[in-house]
Amino acid sequence: MSGRTVPSQETMRAALALACRAPSVHNSQPWRWKLAEHSAHLHLDRSRLLPTIDPTGREMVISCGAALNHARIAFAAEGWLARVHRLPNPAQPEHLASIEFSELSEVDPHVEALAAAAAERRSDRRPFLTDQVPQEVLAPLREVAGLESCTLTFALADRDRREVELALEHAGSVQRRQPEYQQELAAWSGRHASAEGVPARSIPAEHLRGMPERDFSLVAEGELPVPILDDGAVLAVLSTRGDTFDDWLAAGEALSAVLLSATEQRLATCTLSQIGEVAEARNEVRAEVLGGSGNPQLVIRIGWPVTHEFPGPLTPRRPLSEVVEPLFPGD
Ligand SMILES: Cc1cc2nc3c(=O)[nH]c(=O)nc-3n(C[C@H](O)[C@H](O)[C@H](O)COP(=O)(O)O)c2cc1C
């Protein structure tokens, strides 16, 4: 033990770069890291709000929660326990978390595996294999969501799965009729050579027709997608007890924990958030799948990828110089 109370600049840079591999709505990366002498602080960057799909900023906070969970794992894998104080100042809700550090005597190999998963995870929008995902593989995913005070409900029965698909279709059909939705989606998708947004190569257009997913390419404009019922994907609903800033932050931490745990088990995943964006769809999922209680935040598709090679390169991220202050020397 060196007796240091804060990671070196090099460690800080590596850990924050990994934290920024977190998923975010439309790859908007709505986070800002502020470094102090003995602590690091996560702030919400409201300038990155998506006003049509996310007027309250719920999905931005979820995205930041995912970055916070990634950060905890990234620092732990570098030998630092990150002690998180969530929403430390009620008068400043954009200040989502402050992090203090203490050096660990050893690094847990499981945490190292999760950090490796964070470096390689990506949203896989292709259909998955038809092979079922066994209960013993799913159970740890429910557990890690529970550790973040959230509930992961697997829609395994045909009826439940159908209800989730119907809710996704319903949300999609409502949104497709909104010109401002189409404009916002177009502004954030299909981008080439950009450090933000969903790149065209992450959208397997040939597979999109028929998927109950957000149609980033707008290929099915005006049509109701017919869900594929015969791939082996499990649709999991992530829900929270309340629906406040704290719940959204927890939902993001749980989302990250589930995605990384799934990636570690070689599963492919994709987050689908439309059920939380259209009130009727959210109510349908609450009533039909969650037995009338809880707040569905998003759906995660989980399944075996078509090949064990993940598709294409990683989605890009903004450089640390745009999301960390003060700048690291040389940035
Ligand atoms: C809150 C949230 C909502 C998302 N909603 C969707 C969605 O509805 N459909 C989709 O295909 N991807 C969705 N994503 C995945 C993002 O598009 C993806 O994380 C981002 O483009 C970065 O790509 P990556 O996950 O491959 O790193 C969502 C992610 C988050 C965190």
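Every read-out reported here was derived from the displayed coordinates using simple, explicitly stated rules and does not represent laboratory data. Predicted model, so just to flag it, every value in this text is computed and none were measured. All Cβ positions, glycine included, derive from the backbone under ideal geometry; neighbour counts span all protein chains shown.
How about the stretch 99-194: which GluC sites (Glu not before Pro) there are in a DSSP loop, with at most 16 other Cβ atoms within 10 Å of their Cβ?
Those satisfying the criteria are E106.
Length gain on complete extension for the stretch R266 to A195, per 0.36 nm per residue less the alpha carbon to alpha carbon distance?
Full-extension gain reported as 22.9 nm.
Using the Cα centre of the chain as origin and beta-carbon charges of +1 (Lys, Arg) and -1 (Asp, Glu), tell me which of F245, L327, L129 is placed farthest towards the positive end of the dipole.
L327
Please report the net charge: other residues with Cβ closer than 13 Å to the Cβ of V111, K and R +1, D and E -1.
It works out to a net charge of -4.
State the answer as a single residue: which of G291, T5, A145 lies farthest towards the positive end of the charge dipole of the chain, with beta carbon charges of +1 for Lys and Arg and -1 for Asp and Glu, about the Cα centre.
Positive-most Cα among the choices belongs to T5.
Check which residues have an amide H placed less than 5 Å from R191's amide H, if you skip close sequence neighbours.
V198, A200
Just to be sure I follow the definition: excluding the sites themselves, where is the longest run in the chain that has none of the trypsin sites (Lys or Arg not before Pro) in a DSSP loop with at most 16 other Cβ atoms within 10 Å?
5-176
Using the count of nearby Cβ atoms within 10 Å as a rough guide to exposure, how do E253, E277, E10 rank from fewest to most?
Result, fewest neighbours first: E10, E277, E253.
Whole-Hz ³J(HN,Hα) for each residue in the stretch 122-134, computed from phi via Karplus 6.51 cos²θ - 1.76 cosθ + 1.60 with θ = phi - 60°, x for glycine and proline: what do you get?
7, 6, 10, 9, 7, x, 9, 5, 7, 4, 6, 8, x
Roughly how many debye, to the nearest 20, is the charge dipole of the chain about its Cα centre, given +1 on each Lys and Arg Cβ, -1 on each Asp and Glu Cβ, and no other charges?
400 debye
List the residues whose amide H sits under 5 Å from the amide H of L96, counting only those 5 or more places along or on another chain, with H placed 1.01 Å from N in the peptide plane.
Excluding prolines and chain starts, which carry no amide H, the hits are L42, H43, L44.
Residue by residue, what Karplus-based ³J(HN,Hα) values in Hz, rounded to whole numbers, does the stretch 33-44 have, using 6.51, -1.76 and 1.60 with θ = phi - 60° and x for Gly and Pro?
Each residue of the stretch 33-44 in turn: 9, 10, 9, 10, 4, 10, 7, 10, 10, 9, 10, 7 Hz.
Hey, what did the chain get for relative contact order, percent, Cα under 8 Å, at least 6 apart?
24 percent
Between the stretch 44-97 and the stretch 227-272, what's the alpha-carbon centroid distance in Å?
Result: 17 Å between the Cα centres.
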